[in-house]
Amino acid sequence: MQAILEYFPDLTEEQIHQFSQLGDLYKEWNSKINVVSRKDIDNIYEKHVLHSLAIAKMMQFEPDADVLDLGTGGGFPGIPLAILFPYTNFLLIDGIRKKITVVQEVANALGLKNVKAKQARAEELKGYKFDFIVTRAVASLDKLIMWTQRLYKKQHQHFMPNGMIALKGGDLKKEIKAVGKGEYVEKYAVWDFFEGEFFEEKFIIYVQG
């Protein structure tokens with residue numbers, strides 16, 4: 001929790017309270033439904049919460065923007081981002097119902113009015129359009145692009161065009177090379193924003209929609 005305050009010093013009292021509740025909420029839910037690796041649960045603030053917030057170091061979501069968290073799992077990166085951007089609308093989806101149950105219960109416990117959770121896959125979504133799609137360790141970039149290319153709004157309201165922001169790790173050269181030549185891709189190193197061994201070889205990939 002201290003690291004969050006260090007890197008995000010302008011949080012409101014409500015946001016600080018919401019972030020401080022996350023550890024206990026996930027420990028409680030993880031004892032019932034395993035949504036976070038048991039070896040990571042004691043390091044949830046670094047390995048899940050702060051890692052999710054890396055996205056906020058390269059993108060400030062506007063009020064009333066619509067953001068999809070694809071394959072949210074237990075709610076990452078969507079829940080931490082929803083706390084940080086309380087006036088942005090977040091839809092968190094996952095194909096596994098029990099994970100979505102946890103996400104909705106955590107969002108309710110935190111009083112997050114800007115979060116909706118839905119059991120669905122990206123290719124099943126109809127009638128939705130988003131400014132940005134965020135995702136964390138879900139699939140290869142070419143698959144993510146294929147699933148999401150029809151889901152972006154045509155109008156832009158951020159300094160970067162609408163698109164996908166993916167948290168990924170390791171050597172991504174082959175994965176990025178496999179993306180079609182017509183796609184615009186940028187790579188950011190998370191360790192440029194956060195210190196710590198965990199963040200080495202962690203990246204944020206932006207793909208223009």
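The values are calculated or read from the model by the stated rules, or taken from the named source; none is laboratory data. Computed from a predicted structure; not experimentally measured. Reconstructed Cβ throughout: ideal geometry from the backbone, glycine too, with neighbour counts over all protein chains shown.
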Check region 171-184 and report whether any residue there is loosely packed, with under 14 Cβ neighbours inside 10 Å and in contact with a strand residue (DSSP E or B) (Cβ under 8 Å, 6 or more places away or on another chain). yes
Could you check, for region 186-203, whether at least one of its residues is modelled with pLDDT of 90 or more and farther than 30 Å from ALA3 by Cα? no
Return the residue satisfying two criteria in turn: it lies in region 186-203 and is closer than 26 Å to PHE130 by Cα and out of contact with any helix residue (DSSP H, G or I) (no Cβ under 6 Å at 6 or more places or on another chain), and of such residues it is surrounded by the most Cβ atoms within 10 Å (Cβ to Cβ). PHE203
Within region 19-35, count every residue that is polar (S, T, N, Q) and either farther than 22 Å from TYR7 by Cα or crowded, with 17+ Cβ neighbours inside 10 Å (or both). 3
